[in-house]
Amino acid sequence: MAEQTIEHAQPLTVLAEDEAIFRDAVREFADAQVRPLVREMDEHAKIPRSLVDQLFDLGVMAIEIPEAYGGAGASFFHAVLAVEELSRVDPSVGVLVDVQNTLVVNALMRWGNDDIKRRYLTRLASNTVGAYALSEAGSGSDAFALATRAKEDGEHYVITGRKLWITNGNEADIFLVFATINPEAGYRGITAFVVESGLAGFTVGKKEDKLGIRASSTCELIFEDCRVPKANVLGEVGKGYKSAIETLNEGRIGIGAQMIGLAAGALDHTIRYTKERKQFGKAIAEFQAVQHQIARAAMDVEAARLTVYNAARLRDAGKPFLTEAAICKIFSSEVAERVASLAVNLFGGNGFVKEYPVEKLYRDAKIGQIYEGTSNLQLQTIAKQLLG
Ligand SMILES: Cc1cc2nc3c(=O)[nH]c(=O)nc-3n(C[C@H](O)[C@H](O)[C@H](O)COP(=O)(O)OP(=O)(O)OC[C@H]3O[C@@H](n4cnc5c(N)ncnc54)[C@H](O)[C@@H]3O)c2cc1C
């Protein structure tokens, strides 16, 4: 059996025919439709609704949703390819698609009953953006110290509290919200709810003014006696911690994809620029010192891509991937920062101004080491697996 497996094993970066067609379609879209908007979206800190609509038309907002609910019925690996290709051009668009697929859709598909799937997956597949609301001002890394409260009241839960830093807050109409039904029970009180925009007592608060991924909205959510029907509990009452951990374990592979896309995009710009820019009578790409720096960046991107693809393929194969996902996130985010920094250096003065694309990628890279578990938390996960 083992020999048979080896015989059929493919190199990690060899794509199946449908994967290659999908990747090329997203790449073409990113270059034609996203690239012309990147600077304006960064300046105005906004992704236009028309672009979000185009993402739905392209089929990247419902990648794993079964065809019966209007989705593409494709794999998690397809989602990784989409996030990578979009992030190569704009990591803000990459994360909008990432949260939709790897967190929101993923959680609903895994823990939603038939009723929830029918009501929400169909909307997420057609035109509705989703958001994933776990963090609060007092609970980031220590996510299960959350204070948002859900009190039982007849056929409803009444939610009160505030969520912070919620990606897609301004675009979303479906919010996956984690709250505790019993603060004394610790993490065993945490329960996941599907909350719709427009519900009385629920408002989207201030949008953060950020260093990077500025076009991606990051918002506060405010719940004041917001009555959510019991039918909107996702999974079991008191088991929200499990869905939060398990979706985030998968979601961080998506952040790895965002970061390798960003790094590959920065490297593309660098290769093009260093071949054009002349100093001392020749293209700066002709200096061996520059060539070696570019070669190192390519090494970094290749190695990071392998960690991301490996984690994603393990996940699709139903094999354990916890350590690999943590490794891919921390490594890819470090590579993204390193490669974007080199890009700024090799663009010289032009690397420092907004007219050229790499200063934005340098700013965008920083988030990879913070959200969906900081680098210290990833190291903790890896060490725990190794050391017990
Ligand atoms: C742009 C953006 C988008 C986001 N999107 C979302 C979203 O959609 N949904 C959502 O729920 N959240 C989201 N977040 C929140 C994000 O996940 C948290 O910011 C992150 O988990 C870190 O939490 P914190 O900010 O409270 O930092 P803290 O937990 O306060 O950490 C501060 C520092 O202390 C370190 N630290 C903390 N605990 C330990 C420890 N035990 N050992 C070693 N070091 C430790 C951390 O590594 C970090 O360096 C987003 C954040 C940002 C900035």
So which residues in the range 168-202 are hydroxyl-bearing (Ser, Thr, Tyr) and in contact with a Phe, Trp or Tyr (Cβ under 7 Å, 6 or more places away or on another chain)? TYR187
Quick check on GLY318: is it in contact with a Leu (Cβ under 7 Å, 6 or more places away or on another chain) and either free of Cβ contacts under 8 Å to residues at least 24 places away in the same chain or within 21 Å of VAL89 (Cα to Cα) (or both)? no
GLU359 being under 11 Å from ALA266 (Cα atoms) and within 17 Å of the chain's Cα centre (by Cα): no
(1) of a type in the set (Ser, Thr, Tyr); (2) within 16 Å of the ligand (Cβ to nearest atom); (3) not in a strand (DSSP E or B): which one isn't true of TYR132, the others all being true? (3)
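Yes or no, residue by residue, for (1) in a loop (DSSP other than H, G, I, E, B); (2) surrounded by 14 or more Cβ atoms within 10 Å (Cβ to Cβ); (3) among the aliphatic types (A, V, I, L, M):
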{"residue": "VAL290", "(1), (2), (3)": "no, yes, yes"}
{"residue": "ALA295", "(1), (2), (3)": "no, no, yes"}
{"residue": "ALA298", "(1), (2), (3)": "no, yes, yes"}
{"residue": "VAL301", "(1), (2), (3)": "no, yes, yes"}
{"residue": "TYR309", "(1), (2), (3)": "no, yes, no"}
{"residue": "THR323", "(1), (2), (3)": "no, yes, no"}
Keeping to the range 169-187, report how many residues are closer than 13 Å to LEU146 by Cβ and either of a type in the set (Phe, Trp, Tyr) or more than 16 Å from the ligand (Cβ to nearest atom) (or both). 7
Considering only the range 213-226, state which residues are more than 8 Å from the ligand (Cβ to nearest atom) and not in a strand (DSSP E or B). ARG214, ALA215, SER217
Would you mind finding the one in ALA16, ALA2, ALA30 that is surrounded by fewer than 16 Cβ atoms within 10 Å (Cβ to Cβ) and at pLDDT 95 or above? ALA16
Residues in the range 306-313: is at least one aromatic (Phe, Trp, Tyr), more than 16 Å from the ligand (Cβ to nearest atom), under 24 Å from the mean Cα position of the chain (by Cα) and more than 19 Å from GLY261 (Cα to Cα)? no
Of the residues in the range 227-245 that are in a helix (DSSP H, G or I) and not β-branched (Val, Ile, Thr), the one that is surrounded by the most Cβ atoms within 10 Å (Cβ to Cβ) is GLY240
VAL104: passes all of (1) under 26 Å from LYS210 (Cα atoms); (2) away from the ligand (no atom under 16 Å from the Cβ) but (2)
Any residue in the range 65-75 that is surrounded by 22 or more Cβ atoms within 10 Å (Cβ to Cβ), more than 24 Å from LYS206 (Cβ to Cβ), away from the ligand (no atom under 16 Å from the Cβ) and touching a residue at least 60 places away in the same chain (Cβ under 8 Å)? yes
Any idea which residue in the range 349-385 is surrounded by the most Cβ atoms within 10 Å (Cβ to Cβ), counting only those that are away from the ligand (no atom under 16 Å from the Cβ) and of a type in the set (A, V, I, L, M)? VAL358
Would you mind stating whether ARG338 is within 18 Å of GLU84 (Cβ to Cβ) and more than 13 Å from the ligand (Cβ to nearest atom)? yes
Please specify each residue of the range 92-129 satisfying the condition of being in a loop (DSSP other than H, G, I, E, B) and closer than 27 Å to ASN182 by Cα. GLY112, ASN113
Identify all residues within the range 137-175 that are in a strand (DSSP E or B) and acidic (Asp, Glu); write none if there are none. GLU152, ASP153, ASP173
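The values are calculated or read from the model by the stated rules, or taken from the named source; none is laboratory data. Just so you know, these numbers come straight off a predicted model, no measurement behind them. Because the Cβ atoms are built from the backbone with ideal geometry, glycine has one as well, and the counts that use them run over all protein chains shown.
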